[in-house]
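Every number here is computed from the coordinates shown, using simple stated rules; none is lab data. All values reported here derive from a predicted model rather than from experimental measurement. Cβ placement follows ideal geometry from the backbone for every residue including glycine, while neighbour counts extend to all protein chains displayed.
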Amino acid sequence: MSNTEKKCCCGGNDGKHFAQLDEILVKYQGVKGALIPVLQEAQNAYGYLPKDVVKRIAEKMNIPASQIYGVATFYAQFHLNPRGRNIIRVCQGTACHVRGAKAVLKAIEDQLQIAAGQTTPDLQFTIETVACIGACGLAPVMMINDDTHGRLTPAIVPEILKKYS
Amino acid sequence: MEMVNITIDGKKIQVPKTATVLEAAQSAGITVPTLCYHPELRPEGACRVCMVEVEGARSLVASCVYPVNEGMVVRTSTAAVRDARKTVVELLLANHPQDCLSCQRNLNCELQTIAADLGIRKIRFEGEKKHYPLDANNPSLVRDQDKCILCGRCIRACSERQGVHVYSFVNRGFNTTVSPAFNEGLEEAPCTFCGQCASVCPTAAIVEKDDTAAVWAALSDPKKHVVVQTAPAVRVALGEALGMGPGSIVTGKMVAALRRLGFDRVFDTDFSADLTILEEGNELIERLSHNGKLPMITSCSPGWVNFIEILYPDLLDHLSTAKSPQQMFGALVKTYYAEKTGIDPKDIVSVSIMPCTAKKAEAVRPEMKSSGYQDVDFVLTTRELGRMIREAGLDFEKLAKEEFDAPLGISTGAGVIFGATGGVMEAALRTVAEVVTGKPLDCIDFHGVRGLTGIKEAEVELGDLKVKVAVAHTLANARMLLDKIRAGEADYQFIEVMACPGGCIGGGGQPVPVCADIRQKRVDAIYDCDQCSTLRKSHDNPAVKELYDTWLGKPLGEKSHKLLHTHYHPQERG
Ligand code: SF4
Ligand code: SF4
Ligand code: SF4
Ligand code: FES
């Protein structure tokens, strides 16, 4: 509850934590409708939108934190949790679904011990689900970063993940 | 005002040019069902249940946001309209728990009423239902998002009326919810527990935390001596929860009902409201004469105290250190009253009936243990008391009036007006004026501080002393005064703030639905109670005099300090 200002994912608050954010905020000072670009630039700077960053944006731009949170959760491009070095996108589209995408997702979740939408504590992997990645011929399919992996079975999941850890 | 002519269901009427179709229909005595619309909040046009047919329009229109224009022809109940409304409600119900029989809002729910009015017998849609954990980690309110129909009224009430901005729409599509930032619980968000969101919520998605079970248990425990205090605003609203009209004064029936429920003593918070006036009034005189922090601001509304602790902690010195009447009462029950009656305070269960959800949180503040025990054990809202009376099967309207018990049930008209905005100020002025001048006032009605204007200002002469006062109700109005103080532009000496619209009579624990009209009737009833009192000044209360003479000493004395005053601390939240 308290002391959230002092916590951050990038190694303690040495007072410089907000330096980048403050530059962004100065740049957009007085600009109308600047919330979205500020959030975009803040996410570029921090990799995601940490709570203390959102709170500081709220304070400096005089916009309620609840409203910023509403905007940040509305657009898929914004992330409120730290993201892993490897982003796994597991397709749950119709073609993949009928070919067992649920079981594949479950295998990945079990292997990494996190749920879809979450990131491993060592920040190695983030699991996301997507509606269709346009590779239905290879169903069930997933992407890890820019690589496509198709014709998946729960059994081959560990082998694939090994390549990225 | 410029008027236009329209025809609505064949009836020709004139309405202001700025009216919406919904307002036009209402003025013609036609009921159009609504859900996201609330007469006191900005219309949003989200739910579409208010659809009507407008001749020439390509599709049905949402009447709550559709403006009238000259010559318009409206039909509010064609087959197409009725069918479209049904579809909307069926879609809502398809994603709703539909457990009305065991729901806290059963028989007092707008969604349920609309479903009944529209004659819904079958829900043609089936689909996944949302499921979220309850938000129940605070003492005041419970949020059940499964029952939320995303009407957005709570968002608007919290932002527009209270200026706190706790909620917004979060996520999108099927996953849309109404939540505080970061999906935190209300206790982590900057929520004041005022309950105004619960007051406007059409369903059971935001309700008061129900503490009736604990009170029933105490009442049936023969070893416990259970006493109850009732806040001023309860007596002018409880009737609404039991089938009586708004503005009914039910003091005597309420006392009778509480005795039937099994309370051993039925006391009145009005007594400690009088006591509050003596402490707070003397504190004001002290601050005025000894260069104390001014303006002094009242501290009896716990939603307001939370607000200033969370959002304006730099101004905490302005708050009167006097406890609220509820907490003064609590501190005295387990000390003064226990001593006088020889009852061991550990066997006393102290219950209060309040118009307020924030009072539940106030009672469990760690510093509210001046008696050595938790001073107030359980706080029930007016709505909860209404439910207990129904559960006990009492025919409320037929109950014969009874009187409060002495001595903590003796009070004056100054105590009862605490229930309306401006009342604490007026009660204080009645006492402070006479203490300062040593002479009785010619007129004790301070009309300048009464009424439902958002912020009232007045200048009062107290002997040679001219005092400028302000009165604010709703937190959005309070914020304006605080910003003035911060900017150094406030030249007031004394400010009263109540968190809720109209003061406690519009509290977050009062019967719903409520609107400006109903609040006005409750206010009128409060001043009627005052007018009918034989004693109308707190310092004339004989029981309060006796308390000081035989036990407490003098206002602001040592014992008062220990039992009747408190301190505040900044709250770091969301
Ligand atoms: S919120 Fe209303 S409609 Fe929903 S279960 Fe409760 S009473 Fe029924
Ligand atoms: S209780 Fe009051 S402050 Fe809290 S969310 Fe509801 S309206 Fe806002
Ligand atoms: S919680 Fe109640 S008021 Fe708020 S959006 Fe849901 S149904 Fe409407
Ligand atoms: S009441 Fe008109 S759109 Fe909801």
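By the Stokes-Einstein formula, at 1.306 mPa s and 10 °C, the protein assembly as shown with its Kirkwood radius over alpha-carbon pairs has D equal to 55 µm²/s. Within 10 Å of the Cβ of each residue in B:170-177, the mean number of Cβ atoms contributed by other protein chains is 3.
Along the positive direction of the dipole of the protein assembly as shown (beta-carbon charges: Lys, Arg +1; Asp, Glu -1; about the Cα centre), which of B:MET368, B:ALA94, B:ILE526 reaches farthest? In the protein assembly as shown, that residue is B:ALA94. Distance from the Cα centroid of segment B:194-232 to that of segment B:388-416 is 17 Å (rounded to whole angstrom).
Using a cut-off of 28 Å between Cα atoms, the listed pairs B:LYS346/B:LYS562; A:LYS55/B:LYS484; B:LYS209/B:LYS537 include B:LYS209/B:LYS537 as exceeding that distance. The C-alpha atoms of chain B define a longest principal axis, and helix B:475-486 lies at about 50 degrees to it.
Inter-chain Cβ neighbour count for A:66-79, averaged per residue, equals 6 (cutoff 10 Å, partner chain atoms only). Placing unit charges on the Cβ atoms only, positive for Lys and Arg and negative for Asp and Glu, gives chain B a dipole magnitude near 1360 debye about its Cα centre. Under the classification rounded if a/c is under 1.5, otherwise prolate if a/b is larger than b/c and oblate if not, where does chain B fall, given a ≥ b ≥ c as square roots of the Cα gyration tensor eigenvalues? Since a/c reaches 1.5 and a/b is larger than b/c, the shape of chain B is classed as prolate. If we count GluC sites (Glu not before Pro) as exposed when they sit in a DSSP loop and have at most 10 other beta carbons within 10 Å, what is the longest stretch of chain B that avoids them all? The longest uninterrupted stretch comes out as B:129-488. For chain B, the relative contact order comes to 16 percent (Cα pairs under 8 Å, sequence separation of at least 6).
Summing charges over all other residues whose Cβ lies under 11 Å from the Cβ of B:LYS86, with Lys and Arg as +1 and Asp and Glu as -1, gives +2. Taking the inverse of the mean reciprocal distance over all distinct Cα pairs, the Kirkwood hydrodynamic radius of segment B:353-504 comes to 18.3 Å. Between the helical axis of A:101-112 and the longest alpha-carbon principal axis of chain A there is an angle of about 60 degrees.
Counting beta carbons within 10 Å around each of B:SER220, B:SER533 and listing the fewest first gives the order B:SER220, B:SER533.
Computed about the Cα centre, the dipole magnitude for segment B:130-264 is approximately 380 debye when only Lys and Arg (+1) and Asp and Glu (-1) carry charge, each at its Cβ. Other residues with beta-carbon under 11 Å from the beta-carbon of B:ALA490 carry, at +1 per Lys or Arg and -1 per Asp or Glu, a net charge of -1. Taking a straight Cα-Cα cut-off under 26 Å and skipping sequence neighbours fewer than 8 places away in the same chain, the lysines within cross-link reach of A:LYS162 are A:LYS102, A:LYS106. Shown here for segment B:186-237: trypsin sites (Lys or Arg not before Pro) in loop regions (DSSP other than H, G, I, E, B) with at most 11 other Cβ atoms within 10 Å, namely B:LYS223.
Among B:ASP344, B:ASP9, a tally of other beta-carbon atoms within 10 Å of each Cβ gives an order, fewest to most, of B:ASP344, B:ASP9.
Restricting attention to the protein assembly as shown, close to 55% of DSSP beta bridges with both partner residues there are antiparallel. By the gyration tensor of its Cα atoms, with a ≥ b ≥ c the square roots of the eigenvalues, what is the shape of segment B:3-92: rounded for a/c under 1.5, prolate for a/b over b/c, or oblate? Judged from the Cα gyration tensor, segment B:3-92 comes out oblate (a/c at least 1.5, b/c at or above a/b).
Pairs spanning more than 22 Å between alpha-carbon atoms, out of B:LYS11/B:LYS122; B:LYS223/B:LYS401; B:LYS323/B:LYS360; B:LYS323/B:LYS545: B:LYS11/B:LYS122; B:LYS223/B:LYS401. Counting Cβ atoms of other protein chains within 10 Å of each residue's Cβ and taking the mean over peptide B:183-192 gives 2. Between the listed residues B:HIS569, B:ALA46, B:TYR492, the Cα displaced farthest toward the positive end of the dipole of chain B, a dipole computed from Cβ unit charges relative to the Cα centre, is found at B:ALA46. What is the helix-to-structure angle for B:423-437, meaning the angle in degrees between its Cα long axis and the longest Cα principal axis of chain B, kept from 0 to 90 and rounded to the nearest 10? The angle comes out near 20 degrees.
A simple count of charges around B:GLY185, restricted to other residues whose Cβ falls under 12 Å of its Cβ and scoring Lys, Arg +1 and Asp, Glu -1, yields -2. Cβ crowding within 10 Å ranks B:ASP146, A:ASP122, A:ASP22 as A:ASP122, A:ASP22, B:ASP146, fewest other Cβ atoms first.
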